[in-house]
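The values are calculated or read from the model by the stated rules, or taken from the named source; none is laboratory data. Since the structure is predicted, the reported quantities are computational estimates derived from the model, not experimental observations. Positions of Cβ are backbone-derived with ideal geometry, glycine not excepted, and every protein chain shown enters the neighbour counts.
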Amino acid sequence: MIEIDRITKVYNGVTAVDAVTMTAESGTITVIVGTSGSGKTTLLRMINRLEEPTSGEVRINGESTLATKPHLLRRRIGYAIQGHGLFPHHSVARNIGAVPRLLNWPKEKISARVDELLTLFSMEPDQFRDRFPAELSGGQQQRVGVARALASRPDVLLMDEPFGALDPIIRARAQDDLRRIQRALGSTIVLVTHDMEEAIRLGDMVAVMDGGQLVQHAPPAEIVTKPATGFVADMVGDMERPLRLLSLVPLSEVMEDGDAPGEALPADSSLRDALSACLWTGRTAVPVERDGLPAGRVTLDAIRARAELGA
Amino acid sequence: MTIAANRIVAGEGVPAWAVAAPALVAPGLAAVVLGLLLGLPLHWPRLRLLGAVIGLGGLLWLLMQGAPALLEGAGDYARVSPAIGFWCLLTILMLLMADALAQLAPGPVMRGAMLGGVLATLALILWSGALAPLSVMQEFSSRRAAFADAALRHLALAFGSLATAAVIGFPVGLLCHRNQRLRGSVLPVLSFLQTIPSLAMFGLMIPILGWIALNVPGARAFGIAGIGFTPAFLALVLYSLLPVVANTVAGLAAAPPTAIEAARGMGMTPNQRLLRVELPLGLPIILTGLRIVLVQNIGLAVIAGLIGGGGFGTFVFQGLNQTATDLILLGALPTVALALVSAIVMDILVELTRPDATRTA
Ligand SMILES: Nc1ncnc2c1ncn2[C@@H]1O[C@H](COP(=O)(O)OP(=O)(O)O)[C@@H](O)[C@H]1O
Ligand SMILES: [Mg+2]
């Protein structure tokens, strides 16, 4: 659990972060979202003391971060820097193994961990282990950057726009990967983005920053349906609100018995996926499957009813 | 070629085709012409390299044949030297070779091997005595001991001052890297030192060290005196500090800022950051600084001859005083060769330390 307690950062008279208080529960993803310059990076960097707060305090699992020397604190916290920050003179394997090496893990354990992580990020270890960052695509560099942050299995992971350089399709896959890995490891993640779509997709909780202040801290559904200020509403975007809401609802919630023509969707995909399947193939209902077996159907009417409910 | 009655008077010119019997001269001339012709096609660097080698071989042949032939019956004090035509051709062929090599861009190991080959050939030619009749070589043979002494002195001056400057310069550069304010005051001072003309610098050392030798007890025992090795050495060290410090600062700042931040973010201490990130990424730039210093000091050490510091400069200034061109050459040629070889070796080192990523990218 990360408790941020009235934390403030002032740079020569300019308040970058203004008395922010919030708590990130263990085993959840908290996404900090806001426009550029709203203080997201500064807030994140005060958690592992890359910036010292002007006032206020951060506690991790009840213990003040001031109780530990900064470099020892940082070795316990994974950090994926904005723009990957890989060491250009080290191979992929050495980059990923950087923190375990600082923690004096034995060699075999480090190389096993490197291979495990590369596999986890769909990068063939034999093919990528010995490459240098300059020999990777932008997307691969970012994945190695995230893998490096995960290497020592930290309980707490800070990520600053980790998917910024990815095109939309790879980005969606990387987000799914992260979600899957986080669920499997039970880690606590604080992630910064300027993309509300990403915040709603990834976050268990979403924290919206505006001009250094925390303007709303709530689950994604509440951000979409009850934006606290005009700024949050703008970020969500009025036009896309119903669609964003639909993307939060799994098919299983409005599924009914019966059959429908065409290709089936898995039960845990969202109403937004079902809507787009209906519109794209001209159907009025799509079949739903669970574990590969038919489970029922979702009709266009049911999707519309659900969207109106939220509005 | 020129031939002169003795080593002081100006010689009279002899055209290349007349230096020896036509049958002996012809192959050399042909090789030079062929070499120059081979150097013409722009797109075949291998051919041009071959041309340069053949041409140089031709020049060497002409020297070897011409010198003894001209000397024959010309009197005991007669001297033969290569003339302006030789030096021009030599320059053209060397440029041709350098250009072809730049186009071929051989790897660092290959370059090392080629340098070794060239040096071995040169040593063989000198040792074989084929060029012994040349005037420069005669100056050499009458000063063998002095030459060896001067060579040692020259190396001690150049490399010793480099090592001293490095030992002082690295820590200063490191401090400057970590402390913005220090950098702001140290670098301008060193730049100012660098702008003092070299003759003035050596001149300044004389009264300063002279005063110390007189007034500080024990200073004389350490070899501190107004003239000689110490002031020359000190001047060279002062000249070396700016390139060493400036390149250390630049090298340490060369690591991408995000990599530095990542290193901080993962919990490296400042020293770990220095050893694992900043130093390896900056090494090529730091070594480039040392290369500049080494080449500069090999050249500047000549001026040390003026204040009794020893080295090849001694010959150059003796030669200037006696208007004996060959004696000047005896000092200048090894200096140039030394500087060239050092530059090439340092370039190879710089390349070898460059991170693989940037080498392949
Ligand atoms: N080291 C710094 N010195 C001075 N001002 C800074 C520094 N870092 C950030 N700021 C300022 O603080 C504000 C918030 O910056 P940042 O946290 O990087 O925003 P974000 O990550 O949301 O784009 C900006 O106005 C920025 O100019
Ligand atoms: Mg930012």
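A few comments on the model shown:
- Region A:202-212, residues that are in contact with a Ser or Thr (Cβ under 7 Å, 6 or more places away or on another chain), away from ligand 1 (no atom under 11 Å from the Cβ) and not in a loop (DSSP other than H, G, I, E, B): A:Met205, A:Ala207
- Given (1) part of a loop (DSSP other than H, G, I, E, B); (2) assigned by TED's automatic domain parsing to the domain that holds A:Asp18, number of the condition A:Gly262 does not satisfy: (2)
- For region A:120-131, taking the residues that are in a helix (DSSP H, G or I) and in contact with a helix residue (DSSP H, G or I) (Cβ under 6 Å, 6 or more places away or on another chain), the one that is farthest from A:Ser91 (Cα to Cα) is identified as A:Pro125.
- Selection of first residues in region A:108-123 that are under 21 Å from A:Arg179 (Cβ atoms) and of second residues that are aromatic (Phe, Trp, Tyr) and part of a helix (DSSP H, G or I), restricted to Cβ pairs under 9 Å at least 6 apart or on distinct chains, gives the following pairs, ordered by first then second residue: A:Leu118/A:Phe128.
- Meets criteria (assigned to a helix (DSSP H, G or I), within 27 Å of A:Met159 (Cβ to Cβ) and at the interface with chain A (Cβ under 10 Å from one of its Cβ atoms)) for B:Ala255: no
- Qualifying residue in region A:175-198 (condition: buried (at least 22 other Cβ atoms within 10 Å of the Cβ), of a type outside the set (D, E, K, R) and in a loop (DSSP other than H, G, I, E, B)): no
- Those residues of region A:181-213 which are under 13 Å from the mean Cα position of the chain (by Cα) and more than 15 Å from A:Ala24 (Cα to Cα), in sequence order: A:Ile181, A:Arg183, A:Thr193, A:His194, A:Asp195, A:Met196, A:Glu197, A:Glu198, A:Ile200, A:Arg201
- Matching entry among A:Arg153, A:Arg76, A:Arg129 (being touching a residue at least 24 places away in the same chain (Cβ under 8 Å), among the basic types (Lys, Arg) and within 9 Å of chain B (Cβ to nearest Cβ)): A:Arg76
Every residue, every condition in (1) surrounded by 22 or more Cβ atoms within 10 Å (Cβ to Cβ); (2) β-branched (Val, Ile, Thr); (3) out of contact with any Lys or Arg (no Cβ under 6 Å at 6 or more places or on another chain), yes or no:
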| position | (1), (2), (3) |
| --- | --- |
| A:Tyr11 | no, no, yes |
| A:Asp18 | no, no, yes |
| A:Gly37 | no, no, yes |
| A:Val58 | no, yes, yes |
| A:Gly83 | no, no, yes |
| A:Ser91 | no, no, yes |
| A:Gly97 | yes, no, yes |
